[in-house]
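Here is the structure we will look at, set down as structure tokens.
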Amino acid sequence: MTAVVPNGMAPAPVPAAPGTASGAFPDGVPSPELAGLLAEMARYLEDDPPALSLPPRAFLSPELYELERRRVFGRSWVLVAHVDDVSKPGDYLALTVAEEPVVVVRGSDGVLRGLSPVCRHRLMPVVAPGSGTTDAFTCPYHLWRYGLDGALVEAAYMDGNPAFDPASCRLPAFSVEEWNGFVFVNLDPVAAPLAPHMRQAGRDLECYPLGQMVQVATWVHQWGVNWKLAAQNVYENYHVTGLHGNTIAQITPPGADTDVRVDSPWVTCLRTPLNAPLEASAVDLPEDVKRYMYHWAVFPYGSLQAFADAIIWLSVIPTAVDRTEVRGGVLLPAELVAGADREALRRNALLTPDIVNADDKQALEAVQAVLGSRHAERGHLSPKEPGVQVFYRNLAAALLARH
Ligand code: FES
Ligand SMILES: [Fe+2]
């Protein structure tokens, strides 16, 4: 492991990064409310940023959400799956990323692609959200058929329209990247690769056989919250004693400091000490990995978390201004899975994540419900939540098109 910034704010990283854009506000004139929110958020980019939570309206404003759809989710790498979800030719996963429909599909050539499922004829989605295996996407409306690479292969009764060129008709592409078995999507079709930003995380995780690990459990939950409530929550462990008394609080010291190491404008490593060293049976853990809960977060929020033999992944994806999909999974080394009862493994792997996720969901939905209160104001952040300020800074940089 490289040095971690001890419980402090790491230097603000605002260099060029994937999908670089520039200009103060190229999308038009913001309303006074949006302009005010952006002015407040710009302060997180200062050398001495305010140790304050976001303005409550930042979690409610449809206008800010629209800007986030373009400037944050329109050009960030979003963790959506593990390769075990799309391992064979024809396997697909369809979902929405900030209301943009996406299908990730493995082609017959073995290549994983990101496609828009919006039919080129009259916009019917060619596949419903969910997962499955297919040899083609046939639009249910007028039966245009597309191959797994997005190319149109059949459109009946179109010969009489000379303006229509079937050879150039295809489902639009998104960027997809597999990093050590984790599947990321970027709505920007020419996004710069994520891998260079993950170099340090890769070194940290060298003790795990990431490429051979097996996903033993997954979840997809719907939370009635703005995505930033869910994201900022996982950038800190300060809430553990409040919300996770029966789980995480049992293994971490009360008031444990979380160290933050900023690896890139997109990747932040957080670590929190444990009461007792972890023991793994199939992974040779370095001493410091035994003594900490490690968490690598990819902005906006997809993460890998290492815990003994297991790697847990988690992703926060908005589905509306006040709704968020929380996806995740648990991986184990193949040798622990071979010959084991898979259903027992699955149930066991979900025991703690199910409790932790339910606790977070209940609490954050309670926060969402009072965001409009006349007494909802910005609060002071604790020194125990340095990751939240890194998240705010990256958010401000993305919204103000500064990274
Ligand atoms: S909308 Fe897809 S075939 Fe008509
Ligand atoms: Fe939590």
Loop-resident GluC sites (Glu not before Pro) in region 297-403 with no more than 13 other Cβ atoms inside 10 Å, DSSP not H/G/I/E/B, are 377
When the chain is treated as a Gaussian network with springs between alpha carbons less than 10 Å apart, the largest mean-square fluctuation among 246, 161, 186 is found at 161
Computed curve, region 49-196, Cα-only Debye sum without solvent term, log₁₀ I(q)/I(0) at 0.10 Å⁻¹, is -0.41
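Report relative contact order for the chain in percent, whole number only (criteria: Cα-Cα under 8 Å, sequence separation at least 6). Don't skip to the answer; put the middle values down first.
Details: 772 pairs, mean separation 101.9, N = 403.
Here the relative contact order equals 25 percent.
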The rounded separation in angstrom of the Cα centers of region 163-201 and region 213-284 is 28
Scoring only Lys, Arg, Asp and Glu (+1, +1, -1, -1) among other residues with Cβ under 10 Å from the Cβ of residue 152 yields +1
Ranked by GNM mean-square fluctuation in the chain (Cα springs under 10 Å), the top entry among 181, 150, 379 is 379
Length gained, residue 39-residue 276, 0.36 nm per residue minus C-alpha separation, equals 80.9 nm
Simple SL model, points at 7 angstrom along Cα→Cβ for residue 123 and residue 220; separation in nm is 2.3
According to the Cβ-distance criterion of 4.7 Å, cysteines of the chain with no possible disulfide partner are 169, 207, 269
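Going highest first, how would you order 196-202, 112-118 by mean Cβ packing within 10 Å?
Numbers: 196-202: 17.0, 112-118: 21.1.
The packing order, highest mean first, is 112-118, 196-202.
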For the pair residue 111 and residue 341, the simple spin-label estimate (label points 7 Å beyond Cα toward Cβ) gives in nm 4.4
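Taking the mean number of other Cβ atoms within 10 Å as a proxy for protection, how do you rank 168-179, 72-83 from highest to lowest? It would help to have the intermediate numbers written out before the result.
Numbers: 168-179: 17.6, 72-83: 23.7.
The most tightly packed comes first, giving 72-83, 168-179.
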Trypsin sites (Lys or Arg not before Pro) in region 301-403 lying in a DSSP loop, each with at most 14 other Cβ atoms within 10 Å of its Cβ, come to 374, 378
A student applying the Cα gyration tensor rule (rounded when a/c is under 1.5; otherwise prolate if a/b is larger than b/c, oblate if not) would label the chain oblate
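Relative to the present Cα-Cα distance, how much length would full extension add between residue 134 and residue 173 at 0.36 nm per residue of separation? Intermediate values should be presented prior to the final figure.
Values: separation 39, 0.36 × 39 = 14.04 nm, distance 1.82 nm.
Additional length available on full extension: 12.2 nm.
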If unit charges are put on Cβ atoms (+1 for Lys and Arg, -1 for Asp and Glu) and the dipole of the chain is taken about its Cα centre, the option from 183, 324, 156 lying farthest towards the positive end turns out to be 156
Toy charge model, Lys and Arg Cβ at +1, Asp and Glu Cβ at -1: the chain dipole around Cα centroid in debye, rounded to 20, equals 500
Ranking 278, 308, 295 by how far each Cα lies towards the positive end of the charge dipole of region 262-320 (+1 on Lys and Arg Cβ, -1 on Asp and Glu Cβ), the top one is 295
For residue 161, placing the label point 7 angstrom along Cα-to-beta-carbon and taking region 93-119, residues whose amide nitrogen sits under 13 Å are 119
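Would you kindly state how much longer the chain becomes between residue 287 and residue 362 on full extension, computed as 0.36 nm times their sequence separation minus their alpha carbon distance, in nm to one decimal?
23.5 nm
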Here FRET efficiency (C-beta to C-beta, residue 354 to residue 100, R₀ 25 Å, nearest 0.05) is 0.30
When the chain is treated as a Gaussian network with springs between alpha carbons less than 10 Å apart, the largest mean-square fluctuation among 242, 302, 160 is found at 160
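We did not get these values from a lab; they are worked out from the coordinates using the rules stated. A quick note: this is a predicted structure, and the numbers were derived from the prediction, not measured. All Cβ positions, glycine included, derive from the backbone under ideal geometry; neighbour counts span all protein chains shown.
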